[in-house]
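The values are calculated or read from the model by the stated rules, or taken from the named source; none is laboratory data. Small disclaimer: the values here were computed from a predicted structure and weren't measured. So basically every Cβ, Gly included, is an ideal-geometry build from the backbone, and we count neighbours across all protein chains shown. Only protein heavy atoms, including side chains, enter the accessible area calculation; ligands, DNA and RNA are left aside. Shrake-Rupley method; radii C 1.70, N 1.55, O 1.52, S 1.80 Å.
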Amino acid sequence: MSRVLAACEVIEAELKSLAEVNPIFMSTEEKAEALKRTVALESQLTELRFRVMASSQDVAEAQGFHSVAPWLAHHAHVRR
C-alpha cells in the first residue's frame, strides 16, 4: 500500500474516533488551538489532493473521462 493510502487510513480512523466528541467540553485555549490546527491540516490535505489530481490523468482516461475533474465530480459527488 502506498504511503498516501496508508496515511488516508490513519486519518480516516482518527476522524471516525472523534465523531462523538463534543468540543463544548474543551477549554477556550484548546478550541483556539484546534481551530488553527484543523485549518492547517485542511490546507495540507488540499495540497496533497491537488498533487494526486495532477498525476491522475490515467485514472480519468481509464474510465473514459477527458480529465480528472469530471471523474472526481462523478465518483466523489463533488462539483468540478
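Let me spell out the model: positive unit charges on the Cβ of Lys and Arg, negative unit charges on the Cβ of Asp and Glu, origin at the Cα centre of the chain. What dipole size does that give, in debye rounded to 20? Walk me through the numbers on the way to the answer.
Working: 9 positive and 11 negative charges, 54 e Å.
I would put it at about 260 debye.
Per residue of the stretch 53-67, in order, report the coupling 6.51 cos²θ - 1.76 cosθ + 1.60 (Karplus, θ = phi - 60°) as ³J(HN,Hα) in whole Hz, putting x for Gly and Pro.
Per residue, the Karplus-derived 3J(HN,Hα) values read 4, 5, 10, 10, 4, 4, 5, 5, 5, 4, 10, x, 9, 7, 7 Hz.
How large is the accessible surface per residue of the chain, computed with a 1.4 Å probe and reported in Å² as a whole number? List each step's numbers first, then the result.
Working: 7000 Å² over 80 residues.
Accessible area per residue: 87 Å².
If I take R0 = 25 Å and measure r between the Cβ atoms of residue 54 and residue 30 in this structure, what FRET efficiency does the formula 1/(1 + (r/R0)^6) give, to the nearest 0.05?
Values: r = 36 Å, r/R0 = 1.44.
FRET efficiency, residue 54 to residue 30: 0.10.
Work out the charge dipole of the chain with +1 on the Cβ of Lys and Arg and -1 on the Cβ of Asp and Glu about the Cα centre, then indicate which of 34, 67, 13 is farthest towards its positive end.
In the chain, that residue is 67.
Return the Rg/Rh value of the chain, two decimal places, where both radii are evaluated on C-alpha atoms and Rh is the Kirkwood radius.
Using Cα coordinates only, the ratio equals 1.09.
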